[in-house]
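J.: The structure is given below, and queries will be raised subsequently.
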Amino acid sequence: MTKRYAVLGGGGSFGIHTSKYLLDHADTDRVIGVGRNPPRPEPFTLNVGKDDGRYSYHPYHVTHELELMLELFDKEKPQVIINYAAQGEGAVSWKHSWRFFETNSMALARLTEELMTRSYLERFIQIGTSELYGSVAFAAKEDSPIQPTSPYAASKAAFDMHLISIHRVLKFPMNIIRPSNAYCPGQLLHRVIPRAVICGLTGKKLPLQGGGRAEKSYIHARDLARAIHLVAEKAPLGTVYNAGPSKPISIRALVEVVAKVMGIPFEQLCEVVADRPGQDSRYWLDSSAIKKDVGWQPEVELEEGIKEMAEWGKKYLDQLKDWPMDYTLRA
């Protein structure tokens, strides 16, 4: 049976890769991308959906243009809504922290309350974050204590708790996927992997915060998209899933892989700078539940994925070399 999907946060790199993955499957009837920005240039959209009549993109803001978004949904009637829309970046969430709750908690609570009255909705999939577990000494399970260490993580945890409650009491059809850090071609340059690639191609120095001691887990956005598709097709409603690799990697080791792939000495690629406030020492997920329930595990090896990133950087270097590398907080 074919399905119609809506992807909120559909203008971001992960939303774009999810849209591409869904369009590449014959059981997809239509993909409706929704994001707060007009489409970015080709290095970021990757021409996903171009000349495909099953795809459309609409620049609506979940906080400020909810009515327009709902009119679109009522016209298109997506059976599965996937939500990436969020204020990101835990590192900057200490300033104007209320903005993170405005989008990540309040706007999404308003959206889901409206969606509860829409009979066409079969499943709402929220893309959460591994950051809400805080720094861990073991692979966190879905029922591990929630210990957010930034306003961003707290705002994401708040909406997760809201979804769990409205599923239990009101039977709202939802799932939550809490992925490890994702990366992919088209990712904005304030993230460490694309920033390292562009620094390597332009001779700039990558600032390595705290010497890269912090450990995180990384998956390619294509693997995340496959997890979403499997959950949409097979998962029991109401379940929460972690999705990540079996082991974390230090940021230093990650950058060493980038340097190796690009044939650049590590010391030439980066310089050590002070650590960011509230930096967690390790994000690490136990993803055995999603493997057991829907058969998912990562398939893209890190070095393979970073080679893709390097090729993307080379292809679009003329447009990327002057693109901002700092995160800008917007409403």
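J.: Going through region 218-252 one residue at a time, which ones are at pLDDT 95 or above, of a type outside the set (Val, Ile, Thr) and more than 14 Å from residue 300 (Cα to Cα)?
T.: 229, 230, 232, 233, 234, 235, 236, 237, 238, 241, 242
J.: Has region 110-120 got any residue that is in contact (Cβ under 8 Å) with a residue 24 or more places away in the chain, open to solvent by less than 10 Å² (accessible area, probe 1.4 Å) and in contact with a Lys or Arg (Cβ under 9 Å, 6 or more places away or on another chain)?
T.: So far as region 110-120 goes, no, none of its residues is in contact (Cβ under 8 Å) with a residue 24 or more places away in the chain, open to solvent by less than 10 Å² (accessible area, probe 1.4 Å) and in contact with a Lys or Arg (Cβ under 9 Å, 6 or more places away or on another chain).
J.: For residue 176, all conditions in the list (1) part of a helix (DSSP H, G or I); (2) open to solvent by less than 10 Å² (accessible area, probe 1.4 Å) hold save one; what is the number of the exception?
T.: The failed condition is (1).
J.: Please indicate, with yes or no, whether at least one residue in region 60-80 is out of contact with any helix residue (DSSP H, G or I) (no Cβ under 7 Å at 6 or more places or on another chain), free of Cβ contacts under 8 Å to residues at least 24 places away in the same chain, part of a helix (DSSP H, G or I) and among the acidic types (Asp, Glu).
T.: Scanning region 60-80, I find at least one residue that is out of contact with any helix residue (DSSP H, G or I) (no Cβ under 7 Å at 6 or more places or on another chain), free of Cβ contacts under 8 Å to residues at least 24 places away in the same chain, part of a helix (DSSP H, G or I) and among the acidic types (Asp, Glu), so the answer is yes.
J.: How many residues, within region 155-173, are open to solvent by less than 80 Å² (accessible area, probe 1.4 Å) and touching a residue at least 24 places away in the same chain (Cβ under 8 Å)?
T.: 13
J.: Using the structure shown, decide if residue 27 is acidic (Asp, Glu), in contact with a Ser or Thr (Cβ under 9 Å, 6 or more places away or on another chain) and closer than 21 Å to residue 73 by Cβ. Walk me through it before giving the result.
T.: Working: acidic (Asp, Glu): yes; in contact with a Ser or Thr (Cβ under 9 Å, 6 or more places away or on another chain): yes; closer than 21 Å to residue 73 by Cβ: yes.
When the stated conditions are applied, residue 27 passes them.
J.: Can you tell me which residue is surrounded by the fewest Cβ atoms within 10 Å (Cβ to Cβ) among those in region 216-240 that are of a type in the set (D, E, K, R) and closer than 27 Å to residue 28 by Cβ?
T.: The residue in question is 234.
J.: Out of all the residues in region 50-76, which are open to solvent by less than 30 Å² (accessible area, probe 1.4 Å), more than 19 Å from the chain's Cα centre (by Cα) and not polar (S, T, N, Q)?
T.: 66, 69, 70, 72, 73, 76
J.: Restricting region 81-109 to residues that are outside any helix (DSSP H, G or I) and within 25 Å of residue 233 (Cα to Cα), which is farthest from the chain's Cα centre (by Cα)?
T.: Taking the candidates together, the pick is 81.
J.: Across region 179-215, what is the number of residues that are more than 30 Å from residue 235 (Cβ to Cβ), open to solvent by 10 Å² or more (accessible area, probe 1.4 Å), out of contact with any strand residue (DSSP E or B) (no Cβ under 8 Å at 6 or more places or on another chain) and in a loop (DSSP other than H, G, I, E, B)?
T.: 3
J.: Quick one: residue 211 ticks every box in (1) closer than 22 Å to residue 301 by Cα; (2) more than 22 Å from the chain's Cα centre (by Cα); (3) among the small types (Gly, Ala, Ser) bar one, so which box is it?
T.: Status for residue 211: all satisfied but (1).
J.: What tally of residues in region 263-281 results from selecting those that are within 25 Å of the chain's Cα centre (by Cα) and either modelled with pLDDT of 80 or more or not basic (Lys, Arg) (or both)?
T.: 6
J.: To continue, here is another question. Tell me, please, whether a residue that is open to solvent by less than 20 Å² (accessible area, probe 1.4 Å), under 25 Å from residue 210 (Cα atoms), touching a residue at least 40 places away in the same chain (Cβ under 8 Å) and in contact with a helix residue (DSSP H, G or I) (Cβ under 8 Å, 6 or more places away or on another chain) can be found in region 282-298.
T.: Within region 282-298, one or more residues are open to solvent by less than 20 Å² (accessible area, probe 1.4 Å), under 25 Å from residue 210 (Cα atoms), touching a residue at least 40 places away in the same chain (Cβ under 8 Å) and in contact with a helix residue (DSSP H, G or I) (Cβ under 8 Å, 6 or more places away or on another chain).
J.: All but one of (1) without any contact (Cβ under 8 Å) to a residue 60 or more places away in the chain; (2) farther than 20 Å from residue 3 by Cα; (3) surrounded by 20 or more Cβ atoms within 10 Å (Cβ to Cβ) hold for residue 88; state the number of the condition that does not hold.
T.: (1)
J.: Tally the residues that are crowded, with 21+ Cβ neighbours inside 10 Å, of a type in the set (A, V, I, L, M) and assigned to a strand (DSSP E or B), restricting the search to region 241-267.
T.: Within region 241-267, residues that are crowded, with 21+ Cβ neighbours inside 10 Å, of a type in the set (A, V, I, L, M) and assigned to a strand (DSSP E or B) number 1.
J.: Of the residues that sit in region 121-140 and are buried (at least 19 other Cβ atoms within 10 Å of the Cβ) and among the polar types (S, T, N, Q), which one is modelled with the highest pLDDT?
T.: 126
The values are calculated or read from the model by the stated rules, or taken from the named source; none is laboratory data. It should be emphasised that the depicted structure is a prediction, and the values quoted were computed from it without experimental measurement. Please note: Cβ atoms are built from the backbone with ideal geometry, for glycine as well, and neighbour counts cover all protein chains shown. The area values use the complete protein model at the heavy-atom level, side chains included, leaving out ligands, DNA and RNA. Shrake-Rupley method; radii C 1.70, N 1.55, O 1.52, S 1.80 Å.
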